[in-house]
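Here's the structure, in structure tokens; my notes come after.
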Amino acid sequence: DHASGIQVVEAMATSVARLVSRGISLARLGAGGAACVVGGALALERQSVLCHAKGLASATTAGTPSPTTFTLYQYEICPFCNKIKSVLDYLDVPYSTVDVNPLTKSELKFSADYKKVPVLLTGAGEQVNDSEAIIEHVLNLLVAEGRVPKSELARLSTDDARKWAQWADKELAVYIYPNITRNYAESFAAFGYVDDVPHFTFADRLPHKKLRAPAMGFA
């Protein structure tokens, strides 16, 4: 319907803005790259649009327990991390983020056996790894707390929803990163986010911009 169409456009704009926020314009990506990013935004947001389509008028009611809080450990330019943030944003769920140093992984020292992103920690101390598992866990918690209707969880379990989710993860995501690091200039801009991470020291930032950016541009 019309409302859902507006949400799709807003969802696409949100993801595209995240992916090109470091000075990488759609024009510079070219027609093919732009189509990949815009098409990917639609696919990645399908899950959150399904959850948000009916409106969340039945969300938290007065007198309910304090809602679960979420902390996402991420790389800012990681497609899988952005997928989770898009879901949380469109469900109006507050969360905090912690940028992980891709070289030292020191921010993940609490995780003994898993050193990838995304990782989600809940206010209750639960750790959930991998974007698909995180989204499923978050939705189940939100349903249990009455913040999302059960009907939306059922809609996310349809064959069509799972097909698009798998396509976004297995087919699309592998193309987004190369399209924002096609050369040295774009790679340098993409990794520029490290300058805005308060807890990264100069020694943390230097390898990413001076070594990883040229390496990705060369690749």
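Each reported figure results from applying straightforward, stated rules to the coordinates on display, with no laboratory input. Computed from a predicted model, the values in this text were never measured in an experiment. Cβ atoms come from the backbone with ideal geometry, glycine included; neighbour counts cover every protein chain shown.
Can you work out the FRET efficiency for the pair residue 183 and residue 68, with r the C-beta to C-beta distance and R0 = 41 Å, to the nearest 0.05? All intermediate terms of the calculation are to be shown ahead of the outcome.
Working: r = 42 Å, r/R0 = 1.03.
Result of the calculation: an efficiency of 0.45.
May I ask what percent, to the nearest 5, of DSSP beta bridges between residues of segment 61-190 are antiparallel? Intermediate results must be reported in sequence, preceding the final value.
Values: 7 of 11 bridges.
In segment 61-190, approximately 65 percent of DSSP beta bridges are antiparallel ones.
Between residue 155 and residue 126, what is the label-point separation in nm under the 7 Å Cα-to-beta-carbon projection?
Modelled inter-label distance: 2.3 nm.
Using 1/(1 + (r/R0)^6) with R0 = 30 angstrom and r between the beta carbons of residue 114 and residue 174, what's the FRET efficiency to the nearest 0.05? Each step should come with its number before you reach the end.
Values: r = 21 Å, r/R0 = 0.69.
Result of the calculation: an efficiency of 0.90.
How big is the gap, in Å, between the Cα center of segment 150-191 and the Cα center of segment 74-88?
So the separation of the two Cα centres works out to 9 Å.
If each of residue 196 and residue 98 carries a label point 7 Å out from its Cα toward its Cβ, how far apart are those two points in nm?
Using points 7 Å along Cα→Cβ, the separation is 2.1 nm.
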